[in-house]
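To start, the structure under review is shown below, and the notes come after it.
The values are calculated or read from the model by the stated rules, or taken from the named source; none is laboratory data. Values in this document were obtained by computation on a predicted structure and should not be read as measured data. Reconstructed Cβ throughout: ideal geometry from the backbone, glycine too, with neighbour counts over all protein chains shown. Side chains are part of the model used for accessible areas, which takes the heavy atoms of the whole protein and leaves out ligands, DNA and RNA. Shrake-Rupley method; radii C 1.70, N 1.55, O 1.52, S 1.80 Å.
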Amino acid sequence: MTTPVVDLHDPRFARGAAGLLARFNAAGVLAAADVHVAGRLGRLGGETDETVLLAAALAVRAVRHGSVCVDLDEVGTTVLGEGDELVDVSALPWPDPPAWRAACLASPLVSADPRSGTAPLRMPDGLLYLDRYWRQEEQVRVELRDRATAEPPRIDVDRLRAGLHRLFGAEGPDRQRLAAAVASLRRVTVLAGGPGTGKTTTVARLLALLRDQPGPPPRIALAAPTGKAAARLAEAVREQVTQLPEADRERLGDLSASTLHRLLGFKPGHTNRFHHDRTNRLPHDVVVVDETSMVSLTMMARLLEAVRPDARLLLVGDPDQLASVEAGAVLGDLARAPGAVEPALESTLRSLGVLAPDDPPVVHGVVTLDRTWRFGAEIAALARAIRCGDPDAAVAALRSGGDAVKFVEAPTLELRDPPGLDAVRAEVVAANATLVAHARAGDVDKALESLDRHRLLCAHRRGPYGVTRWGWEVERWLADAGVGPGPDDGEWFPGRAVLVTTNDYDLNLYNGDTGVLVREEGRTRAVFGRGGAPLRVATARLSQPQSVHAMTVHRAQGSQFSQVTVVLPPPESPLLTRELLYTAVTRAIERVRVVGSEAAVRAAVARPVGRASGLRDRLGT
């Protein structure tokens, strides 16, 4: 095999690599780090078979791309290249899968025994794992199995029935009522559903049900993967609690939320070890985790070992949204895993009248809310087409001509001032003009409301389709329209929208929070919405804030805006996926405008994120 000639000074390529590793590195499938790790493993284990080293490198690469393992049968047809463009991998010399698996199983680097072994790689059921991720996946599976087969929590069924009637209205099958009943009767429950389907409403009423049960009031913890998500969870639950009957409001009191890292007790110097673990469990009786789609396999393993076996765990999120930036898609695996009926649970649910005769049984405690309350029929139709993987229906929804969904067909956006964006420009300028006017007038509430009037979302951070470029475009549009800083204004001018990029627990500010500078009583301060009273922060205390004219779809996850403009990259971008487009369009409440080509829309809808995992198929074992 001829080793390709590469630029030795290009950091993308591993110097000294040869054979298959060099070939796949030069083609853009493997990064230099993948090659170096595989080479080091080969030297430590005495492995010289280049097909085994290639498999090891692909296992390392899989974790960087969000998978916890690699399927050697499928990897040649599902792997994407590094960088901003897809790579045609069909011409690469992929080993024959049966022989490849046999070589791996015969290697000293690989163990096939799922219960023992000290090899750095594991290969149960034909899937190749790094040992660490195999152990974490097995831990999650066993924890969930043990909690499902343990004695269910004690519950006063008559009191539960009365509480369901009081908090959810007249008896009858209803997905929110069903979810609350399942979470009352089970140790682990998954509350799934898209944006605006009433997940937080269900959480608040469930907590009221549990506090209404006889005995000491359960200790409750609310948590989310990020500070921003935790703050919004607390705000949303408090808002829903205000709508409950007075007695339930008094029983719940004021609930707060924290990040998962803070809940578990972050240890300085440790990235994935915490004060609370199997030997020091959390004291809470009920743990609610929001935005669970963002929770990685590693964090889920740490959470499950810290939650007491007799406590209730409620995992809330949308399995169709973007998954964690780290390896794993636990919520998606849980929501879609096959499983057996739990006869005792089903019998109780039917006796409570929350399960209709033709409803499917509840499996793994998963209940999906399917009625959308946030946006209207047009955005719902587009989101449904994307989620179902129907590109024809998605394009038809974009071209429906309605007021809530707009499609700006732009074959290329690489020009400095791309044509066809007059409506986008007008919308951006109008939203910012309103924001600046309220900020200069010192109207904090109106300024915060205007801050979320419009947001421009991108898949990329850099390049012609990225946040940096479109932030500059917006600033140019605003300057041309005379909106923004005045001649005497400096960096901290009223109306500047700012993005927090670091967590500051002392200030109650978190990475991803957005605020606006407002002139009040002769001083300019940063103001952040917190559901109740706005949070005011002196500009001198902000740590490296950024102006936020545009943001990535990943960063916008968990947020909502009145109007959203989505900038799609070309079809060949590996970041362009079904989950990304679905997450982007469902950030909108009133209107979403998609800017890009039809080919990009079709490519996104047809390309689900491929995260290899063995958890989904093994949850029933």
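Does the range 388-409 contain at least one residue that is free of Cβ contacts under 8 Å to residues at least 24 places away in the same chain, surrounded by fewer than 21 Cβ atoms within 10 Å (Cβ to Cβ) and within 27 Å of residue 233 (Cβ to Cβ)? No.
Taking the criterion of being assigned to a helix (DSSP H, G or I), open to solvent by 20 Å² or more (accessible area, probe 1.4 Å) and either without any contact (Cβ under 8 Å) to a residue 40 or more places away in the chain or of a type in the set (Phe, Trp, Tyr) (or both), the residues of the range 100-146 that qualify are 101, 102, 105, 131, 132, 133, 135, 138, 142.
Note on the range 204-237: residues that are closer than 24 Å to residue 310 by Cβ, touching a Lys or Arg at 6+ places or on another chain (Cβ under 8 Å), among the charged types (D, E, K, R) and in a helix (DSSP H, G or I) total 1. Residues that are at pLDDT below 85 and open to solvent by 30 Å² or more (accessible area, probe 1.4 Å) do occur in the range 421-429.
When restricted to residues that are part of a loop (DSSP other than H, G, I, E, B) and either over 30 Å from residue 122 (Cα atoms) or more than 19 Å from the chain's Cα centre (by Cα) (or both), the range 566-621 contains 15. Within 27 Å of the chain's Cα centre (by Cα) and not acidic (Asp, Glu), is that true of residue 157? Taking the combined requirement at face value, the residue does not satisfy it.
From the list 503, 432, 508, the one residue that fits, being touching a Phe, Trp or Tyr at 6+ places or on another chain (Cβ under 9 Å), assigned by the TED database to the domain that holds residue 406, of a type outside the set (Lys, Arg) and at positive phi, is 508. Just to be sure before I move on: is residue 163 within 33 Å of the chain's Cα centre (by Cα), within 26 Å of residue 329 (Cα to Cα) and buried (at least 20 other Cβ atoms within 10 Å of the Cβ) in the structure I sent? Considered against the rule, which asks whether it is within 33 Å of the chain's Cα centre (by Cα), within 26 Å of residue 329 (Cα to Cα) and buried (at least 20 other Cβ atoms within 10 Å of the Cβ), residue 163 comes out as no. Looking only at the range 8-45, residues that are crowded, with 22+ Cβ neighbours inside 10 Å and either of a type in the set (S, T, N, Q) or more than 27 Å from residue 122 (Cβ to Cβ) (or both) come to 1 in all.
Listed conditions (1) over 18 Å from residue 176 (Cβ atoms); (2) within 19 Å of the chain's Cα centre (by Cα) are all met by residue 318, apart from (1).
Candidates 312, 384: the one that is outside the structural domain of residue 586 (by the TED database) and either under 13 Å from residue 192 (Cβ atoms) or among the basic types (Lys, Arg) (or both) is 312. When the residues of the range 456-477 are filtered to those that are of a type outside the set (Phe, Trp, Tyr) and assigned to a helix (DSSP H, G or I), the one that is most open to solvent (accessible area, probe 1.4 Å) is 475. Return the residue satisfying two criteria in turn: it lies in the range 590-606 and is open to solvent by 60 Å² or more (accessible area, probe 1.4 Å) and basic (Lys, Arg), and of such residues it is nearest to residue 579 (Cα to Cα). Per the criteria, the residue is 602. Here residue 146 does not qualify as under 30 Å from residue 70 (Cα atoms), in the same structural domain as residue 67 (by the TED database), among the charged types (D, E, K, R) and out of contact with any helix residue (DSSP H, G or I) (no Cβ under 8 Å at 6 or more places or on another chain).
Would you check if there is a residue in the range 541-553 being open to solvent by 20 Å² or more (accessible area, probe 1.4 Å), among the basic types (Lys, Arg) and under 23 Å from the mean Cα position of the chain (by Cα)? No: the range 541-553 contains no residue that is open to solvent by 20 Å² or more (accessible area, probe 1.4 Å), among the basic types (Lys, Arg) and under 23 Å from the mean Cα position of the chain (by Cα). So, in the range 564-589, how many residues would count as being hydrophobic (A, V, I, L, M, F, W, C) and open to solvent by 30 Å² or more (accessible area, probe 1.4 Å)? So the answer is 2.
For the range 536-565, the candidate set comprises residues that are in a helix (DSSP H, G or I) and within 23 Å of residue 384 (Cβ to Cβ); within that set, the residue that is modelled with the highest pLDDT is 553.
The set of residues from the range 338-380 being open to solvent by 50 Å² or more (accessible area, probe 1.4 Å), farther than 30 Å from residue 562 by Cβ and polar (S, T, N, Q) comprises 347, 351.
Per the conditions (1) closer than 26 Å to residue 584 by Cα; (2) more than 32 Å from the chain's Cα centre (by Cα), the sole criterion not satisfied by residue 482 is (1).
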